[in-house]
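Laboratory data are not the source of any read-out in this text; all were calculated from the coordinates shown. Quick caveat, the model's predicted, so the values are computed rather than measured.
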């Protein structure tokens, strides 16, 4: 992976990278991708697809009403908050 590819992915994911991360991540990601490419050579013919490799019992639960976050905490990470609401760009034009 090149530095340019890493930076493009970081922009898309909206992740900030330090200079140190920009130095080490391309090599680390390249190693991960190389390992994953090695899995392409594994013969899986005759192997049934696995939907849930780990038995998951009781993953549905009863709905329980619980207190929600305080408004200030819920809006704390919003990029543009006005009067206890997130302000977003208009997407529908009025006629």
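Details
- Shape class of the chain from the alpha-carbon gyration tensor: oblate, with a/c at 1.5 or above and b/c at least as large as a/b.
- Entry note: the range 1-41 has Rg to Rh equal to 1.05, where both radii use alpha-carbon atoms and Rh is the Kirkwood radius.
- Span from the the range 56-95 Cα centroid across to the the range 1-35 one, whole angstrom: 31
- Helix 19-39 axis, angle to the chain major axis (alpha carbon atoms, nearest 10°): 50
- Sum of -39500 (n - 2.57) over DSSP H runs of 4+, divided by residues of the chain (222 nm, nearest 500): -12000 deg cm²/dmol
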